[in-house]
Amino acid sequence: MTTKNSFFLLCFLSLCAPFMNAQNLYLSISGVTEKETKTIDSLGYTTAFDNYTALETEVNNFKKALSKLGYIENQLIALRKKNDSLYQADFSLKTRYETITIDAHGLVDLSILKLTGFLEKDNQLIIPMAHVENTLQGINSEIANRGNPFNTLVLTNIKKINGKKLSGSLSISKLKPRTIDKLIIKGYEKFPKSFIKRYLKIKTGQAFSLDKIKAKTADLNDLIFANQIKDPEVLFTQDSTILYMYIEKARSNTFDGFLGFGTNEATNKIEFDGYLDLNLTNNLNYGESLKLLYKSDENDQQTFDLKLNAPYLFKSPVGVDFNLNIFKRDSSFVTVTQAAKINYQITSRHVISAGANTVNSTDLLDIPTTSINDYESNQFFLNYTYTKRQNYDFLFPVNFLFDITSGFGNRSYAAIDENQSNFFITTFKIFNLNEKNSIYGRINANYLVSDTYLENELPRFGGINSIRGFEENSLIANLYGVLNTEYRYKLNNSIYVHTVIDAAYFENQVADQKGKLFGFGFGFGLLTKAGLFRFNYTSGKTENQKFRLSDSKIHLSLTTRF
């Protein structure tokens, strides 16, 4: 053989050596009887391995698996090499125990033992052997959640009761319960302290449970002015427990406005209307909010609405709301409403409140009428609100809202006093069919109950935030209900298109009218750097009226977050 050929042969052998040496190893496990072998085969195990270490690990794991199933006396008789690639493991399974009766010696609270599902009526804990490990882990986790994260649970004094049953005792290494000694906010250091104590219900001195803390901090996702960056962490020292929370401040101020225009039926001229809606939230780092609404529409109606919310006043669990509303219709009347209420946040989504309002309305007409009069009313009211947010969706951040108010009081005019009650509800829900398709449904209703009615006290509706296709606040009624529906399709995370199908029913006892209204159209939304731009084209009609394009309304709005 030439030197050249020898060189190429050496290179070839060097390249092939790793593949020539590589050899799979195989494992076969059997019992001392044919019945035991069938049991072993029914359990299943890995049979092929790249090396002996992996094979040996599988044998040890199989032995542990047998113990968990109740074969606690199982024995590995031999692990033999039958040939170059096959190893034989011989096991003796012996007796399979079905249950174990555990005596907790009063070391574990009964409420924890009941969570296992294996506590008998006589307070005996009888656990199937296959569930022993998971059950003990669950007990230990619950003890940790109640302020003892470093306790260790051990099963001791295991004895045979009869051929299929065992008994044992629980032993717990008792350590001093842990409490939250210090809380540190990372990121948004000025996060309102009252929200930690009242909203999240986390405070120093509280029994430490990381699982419960994580569940509570998840409620940060229901706030509009803050987000949780990552899960909370804990630092344990010998004598203290320090909790770290990671929060960032979110842009929560909004500016909203829209421009609407349509054809005046009397003059056939295009008329414009619009509004300004400004919401300032948490600018003082107290979680407070200030809302300002100014609206002027084509019916020569003007609305000024100012709302102030101050949560957890003086570090107490209650907050206060104040509201001032001024409504003026051309030269007919002006109505001023003042309201104040106290609210209590049950959880991050549930709020109840109670308050009172005073209404003063002034007749501006030179010629007196029976339908418009000066009047004054006072009411007490109760309110409940439920809000479920989905902050991951920038286009539709609120998934579900339910807001109901009931009020009762009296109204006086022309030396006549009458009892009145008022019921108001607004609710909407987004049904997410998949990532792109969703259905939006909204119900808004108002019912004023009184013996007699004045035109200037009746609730008003109509427009982009009510039944679309009609002029803003052009409809009045002592009873009305509006249903808004949309089918929405998201082209991407910043653009969506939707249908508009609205319906309403109203009753106006002042004008002796009742009827049904409908609105049909389409629209789209576009999320830009400036904010959310919305376009709606809707045509409205009464029950017996035909659709006319000249009655269509175009509504434009831009909501900017800053």
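Scan Thr369, Thr405 and give me the residue that is out of contact with any Ser or Thr (no Cβ under 7 Å at 6 or more places or on another chain) and modelled with pLDDT of 95 or more.
The conditions single out Thr405.
Restricting to the range 466-505, and then to whatever is part of a loop (DSSP other than H, G, I, E, B) and among the aliphatic types (A, V, I, L, M), can you tell me which residue is farthest from the chain's Cα centre (by Cα)? Outline the logic, then answer.
Filtering the range 466-505 for residues part of a loop (DSSP other than H, G, I, E, B) gives 466-474, 477-478, 493-494.
When the remaining residues are screened for being among the aliphatic types (A, V, I, L, M), the result is 467, 477.
Details: Ile467: 28, Ala477: 36 Å.
Top of the filtered list is Ala477.
If a residue counts only when it is of a type outside the set (Asp, Glu) and modelled with pLDDT of 95 or more, which strands (runs of 3 or more DSSP E) contained entirely in the range 254-356 have at least 1 such residues? Steps first, answer last, please.
On the way: elements: 254-263, 270-281, 289-296, 301-310, 318-329, 333-345.
Output list reads 270-281, 289-296, 301-310, 318-329, 333-345.
Looking at Gly168, Gly163, can you tell me which residue is surrounded by fewer than 17 Cβ atoms within 10 Å (Cβ to Cβ) and touching a residue at least 60 places away in the same chain (Cβ under 8 Å)? Show your work before the answer.
Working: Gly168 fails: surrounded by fewer than 17 Cβ atoms within 10 Å (Cβ to Cβ).
Result of the check over Gly168, Gly163: Gly163.
When you go through (1) surrounded by 13 or more Cβ atoms within 10 Å (Cβ to Cβ); (2) free of Cβ contacts under 8 Å to residues at least 60 places away in the same chain; (3) assigned to a loop (DSSP other than H, G, I, E, B) one by one for Asn83, which number turns out not to apply?
(1)
Only one residue in Leu76, Leu155 is within 30 Å of Val234 (Cα to Cα), outside the structural domain of Ser240 (by TED's automatic domain parsing) and either acidic (Asp, Glu) or surrounded by 15 or more Cβ atoms within 10 Å (Cβ to Cβ) (or both). Which one? So that I can check it myself, show each step before the final result.
Working: Leu76 fails: within 30 Å of Val234 (Cα to Cα).
Checking each option against the conditions leaves just Leu155.
Where residues in the range 430-453 are among the charged types (D, E, K, R) and surrounded by fewer than 16 Cβ atoms within 10 Å (Cβ to Cβ), which of them is farthest from the chain's Cα centre (by Cα)?
In the first step, residues of the range 430-453 are kept if they are among the charged types (D, E, K, R); the result is 435-436, 442, 451.
Adding the requirement that they be surrounded by fewer than 16 Cβ atoms within 10 Å (Cβ to Cβ) leaves 435-436, 451.
On the way: Glu435: 17, Lys436: 20, Asp451: 43 Å.
Taking the candidates together, the pick is Asp451.
Please name all residue pairs, on different chains or six or more residues apart, with Cβ atoms under 6 Å, provided the first residue is in the range 426-440 and is more than 17 Å from Asn465 (Cβ to Cβ) and the second residue is of a type in the set (Val, Ile, Thr) and surrounded by 12 or more Cβ atoms within 10 Å (Cβ to Cβ).
Phe431/Ile439; Ser438/Ile430
Every residue, every condition in (1) touching a Pro at 6+ places or on another chain (Cβ under 7 Å); (2) at pLDDT 85 or above; (3) closer than 23 Å to Lys94 by Cα; (4) not polar (S, T, N, Q), yes or no:
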{"position": "Ile126", "(1), (2), (3), (4)": "no, yes, yes, yes"}
{"position": "Gly138", "(1), (2), (3), (4)": "no, yes, no, yes"}
{"position": "Ile143", "(1), (2), (3), (4)": "no, no, no, yes"}
{"position": "Arg146", "(1), (2), (3), (4)": "no, no, no, yes"}
{"position": "Leu155", "(1), (2), (3), (4)": "no, no, yes, yes"}
{"position": "Lys159", "(1), (2), (3), (4)": "no, yes, yes, yes"}
{"position": "Asn162", "(1), (2), (3), (4)": "no, no, yes, no"}
{"position": "Ser171", "(1), (2), (3), (4)": "no, no, no, no"}
{"position": "Thr179", "(1), (2), (3), (4)": "no, yes, no, no"}
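Are any residues in the range 402-425 within 19 Å of the chain's Cα centre (by Cα) and not aromatic (Phe, Trp, Tyr), and if so, which ones? Before the answer, list the steps.
First, pick out the residues of the range 402-425 that are within 19 Å of the chain's Cα centre (by Cα): 402-403.
Within the range 402-425, just Asp403 meets the criteria.
Restricting the search to the range 142-159, which residues are out of contact with any Gly (no Cβ under 7 Å at 6 or more places or on another chain) and in contact (Cβ under 8 Å) with a residue 24 or more places away in the chain?
Selection gives Glu142, Ile143, Ala144, Asn145, Arg146, Gly147, Asn148, Pro149, Phe150, Asn151.
Is it the case that Phe195 is among the aromatic types (Phe, Trp, Tyr), assigned to a loop (DSSP other than H, G, I, E, B) and in the same structural domain as Ala226 (by TED's automatic domain parsing)? Reasoning before the result, please.
On the way: among the aromatic types (Phe, Trp, Tyr): yes; assigned to a loop (DSSP other than H, G, I, E, B): no; in the same structural domain as Ala226 (by TED's automatic domain parsing): yes.
No.
Can you say whether Ile40 is in contact with a helix residue (DSSP H, G or I) (Cβ under 9 Å, 6 or more places away or on another chain), within 19 Å of Val154 (Cβ to Cβ) and of a type in the set (Val, Ile, Thr), as far as the supplied structure shows? It would help to see each step written out before you state the result.
Working: in contact with a helix residue (DSSP H, G or I) (Cβ under 9 Å, 6 or more places away or on another chain): yes; within 19 Å of Val154 (Cβ to Cβ): no; of a type in the set (Val, Ile, Thr): yes.
The answer is no for Ile40.
Which of (1) closer than 24 Å to Leu448 by Cα; (2) surrounded by 15 or more Cβ atoms within 10 Å (Cβ to Cβ) does Gly540 not meet, given it meets every other one?
(1)
If you go through the range 520-556 one residue at a time, how many are under 27 Å from Phe394 (Cα atoms) and either more than 38 Å from the chain's Cα centre (by Cα) or not in a loop (DSSP other than H, G, I, E, B) (or both)?
Start the filter on the range 520-556 by keeping residues that are under 27 Å from Phe394 (Cα atoms), which leaves 520-538, 553-556.
Those left that are additionally either more than 38 Å from the chain's Cα centre (by Cα) or not in a loop (DSSP other than H, G, I, E, B) (or both): 520-528, 531-538, 553-556.
Residues that pass the stated criteria total 21.
Do you know which of the residues in the range 288-324 that are more than 25 Å from Thr358 (Cβ to Cβ) and in contact with a Ser or Thr (Cβ under 7 Å, 6 or more places away or on another chain) is surrounded by the fewest Cβ atoms within 10 Å (Cβ to Cβ)?
Of everything passing the filter in the range 288-324, Lys315 is surrounded by the fewest Cβ atoms within 10 Å (Cβ to Cβ).
If the Cβ limit is 6 Å and pairs must be 6+ apart or interchain, which residue in the range 369-392 that is assigned by TED's automatic domain parsing to the domain that holds Arg329 and closer than 26 Å to Gln509 by Cβ pairs with which residue that is surrounded by 14 or more Cβ atoms within 10 Å (Cβ to Cβ) and among the charged types (D, E, K, R)?
Ser371/Glu455; Ile372/Asp363; Ile372/Glu455; Asn373/Asp363; Asp374/Asp363; Tyr375/Arg411; Ser377/Arg411
Restricting attention to the range 160-194, and to residues there that are within 30 Å of the chain's Cα centre (by Cα) and aliphatic (A, V, I, L, M), which single residue is nearest to Asp109 (Cα to Cα)?
Quick first cut of the range 160-194, residues within 30 Å of the chain's Cα centre (by Cα) only: 178-194.
Now narrow it down to the ones that are aliphatic (A, V, I, L, M): 180, 183-185.
Numbers: Ile180: 22, Leu183: 29, Ile184: 32, Ile185: 34 Å.
Step by step, filter the range 160-194, then rank; the result is Ile180.
Checking the structure you have, find out if any residue of the range 366-378 is crowded, with 17+ Cβ neighbours inside 10 Å and acidic (Asp, Glu).
At the first step, the residues of the range 366-378 found to be crowded, with 17+ Cβ neighbours inside 10 Å are 372-373, 375, 377.
If we keep only those that are acidic (Asp, Glu) too, we end up with none.
No, that holds for no residue.
Is it the case that some residue within the range 109-122 is within 30 Å of Ile40 (Cβ to Cβ) and touching a residue at least 24 places away in the same chain (Cβ under 8 Å)?
Going residue by residue through the range 109-122, those that are within 30 Å of Ile40 (Cβ to Cβ) are 116-118.
Next, from what is left, pick out any that are touching a residue at least 24 places away in the same chain (Cβ under 8 Å): none.
No, the conditions are met nowhere in the range 109-122.
The values are calculated or read from the model by the stated rules, or taken from the named source; none is laboratory data. None of the values given here were measured: they were computed from a predicted structure. FYI the Cβ positions are ideal-geometry reconstructions off the backbone, even for glycines, and counts take in every protein chain you see.
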